[in-house]
Amino acid sequence: MSQKSDPTPSLDSTTVIGLVHLYRGELGRMVSYRIRLDTTTNWAIVTNVGLTTVAFSNADVSHAVFLFAMVLTFFFLQLEARRFRVYELSHRRVRLLERSFYGEVLTGQGEPNWRETLAASLREPSHTMSHVQAFAWRLRRNYLWIYLGLLLVWLMKLELFQTSDFIAQAHVAAIPGWLVIFIVLVFYSFGGVLAFWVGRYRLEDD
């Protein structure tokens with residue numbers, strides 16, 4: 001009666017235990033950063049809803065509050081992009097371990113050189129996506145809708161509480177209305193290009 005061969009002859013028990021703990025650690029960090037990402041998005045939504053409520057509850061509140069909200073949302077998006085890069089790094093390690101380590105444990109087959117790839121990632125961690133890619137990815141997935149909502153309520157504020165010509169109404173302090181509208185259009189055009197061209201980056205197995 002032939003003995004069943006060990007499907008993972010090159011992985012000793014110490015290595016297996018170490019990789020299991022590494023997998024659990026990376027999975028925990030990935031989940032933690034997933035929660036942080038959701039929290040940042042929630043901050044942006046709650047803040048914008050609050051500012052919108054204040055702006056429409058009082059006619060004396062300037063439409064500039066929505067311009068401030070656009071800048072504040074940009075800050076949240078920058079913060080989320082930094083967190084997303086860390087999340088994506090852990091995500092790739094987790095998927096590498098699931099495909100190769102567990103694949104080797106269960107079937108004796110894994111991707112070639114996966115241990116070298118994992119060791120290099122741990123020895124010299126390097127993000128697999130740039131900050132611009134992370135920024136554009138989160139903009140396309142979440143913040144594009146927030147910004148579209150801000151644009152809509154800004155235009156509604158200008159229209160509903162209009163006391164002069166629409167373009168003139170858009171002025172902020174000494175900045176003329178036409179220039180404010182031009183800046184907003186440039187900002188949104190740049191964001192649209194960034195979201196739909198750079199933001200096409202996809203997560204592995206996404």
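Here are the numbers for this structure:
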{"quantity": "Test for Val61: is it at pLDDT 90 or above and either in contact with a Cys (Cβ under 7 Å, 6 or more places away or on another chain) or among the aliphatic types (A, V, I, L, M) (or both)", "calculated": "no"}
{"quantity": "Residue in segment 148-173 that is modelled with the lowest pLDDT, counting only those that are part of a helix (DSSP H, G or I) and over 16 Å from Ala55 (Cβ atoms)", "calculated": "Phe166"}
{"quantity": "Residue match in segment 176-195 (condition: under 27 Å from Asn58 (Cα atoms) and at pLDDT below 90)", "calculated": "yes"}
{"quantity": "Test: residue in segment 122-140 that is modelled with pLDDT under 85 and not in a loop (DSSP other than H, G, I, E, B)", "calculated": "yes"}
{"quantity": "Segment 148-163 - residue that is open to solvent by less than 50 Å² (accessible area, probe 1.4 Å) and not aliphatic (A, V, I, L, M) and, of those, farthest from the chain's Cα centre (by Cα)", "calculated": "Lys157"}
{"quantity": "Residue among Trp145, Trp137 that alone is under 14 Å from the mean Cα position of the chain (by Cα) and under 18 Å from Ala69 (Cβ atoms)", "calculated": "Trp145"}
{"quantity": "Residue ID - nearest to the chain's Cα centre (by Cα), chosen from residues in segment 63-74 that are open to solvent by less than 60 Å² (accessible area, probe 1.4 Å) and closer than 20 Å to Gly177 by Cβ", "calculated": "Met70"}
{"quantity": "Hits in segment 101-147 (condition: touching a helix residue (DSSP H, G or I) at 6+ places or on another chain (Cβ under 9 Å), open to solvent by 20 Å² or more (accessible area, probe 1.4 Å) and closer than 15 Å to Thr41 by Cβ)", "calculated": "Phe135, Arg140, Arg141, Asn142, Leu144, Ile146"}
{"quantity": "Selection from segment 43-97 of residues that are without any contact (Cβ under 8 Å) to a residue 12 or more places away in the chain and more than 18 Å from Tyr188 (Cβ to Cβ)", "calculated": "Val46, Val49, Gly50, Thr53, Val54, Ser57, Asn58, Asp60, Val61"}
{"quantity": "Matching residues, segment 26-50, being β-branched (Val, Ile, Thr) and exposed (fewer than 14 other Cβ atoms within 10 Å of the Cβ)", "calculated": "Val31, Ile35, Thr39, Val46, Val49"}
{"quantity": "Residue within segment 177-188 that is over 27 Å from the mean Cα position of the chain (by Cα), at positive phi and open to solvent by 50 Å² or more (accessible area, probe 1.4 Å) present", "calculated": "no"}
{"quantity": "Total residues in segment 83-100, condition touching a Phe, Trp or Tyr at 6+ places or on another chain (Cβ under 9 Å) and either of a type in the set (Phe, Trp, Tyr) or open to solvent by 30 Å² or more (accessible area, probe 1.4 Å) (or both)", "calculated": "6"}
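Okay, residues lined up against (1) in a helix (DSSP H, G or I); (2) within 15 Å of Phe135 (Cβ to Cβ); (3) among the hydrophobic types (A, V, I, L, M, F, W, C):
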| residue | (1), (2), (3) |
| --- | --- |
| Leu51 | yes, no, yes |
| Leu67 | yes, no, yes |
| Thr73 | yes, yes, no |
| Leu77 | yes, yes, yes |
| Arg82 | yes, yes, no |
| Arg85 | yes, yes, no |
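The values are calculated or read from the model by the stated rules, or taken from the named source; none is laboratory data. Model, not experiment: these values are computed from the prediction. Note that each Cβ is placed from the backbone with ideal geometry, even for glycine, and that neighbours are counted across all protein chains shown. Remember, those area values only see protein heavy atoms, side chains included, never the ligands or the DNA or RNA. Shrake-Rupley method; radii C 1.70, N 1.55, O 1.52, S 1.80 Å.
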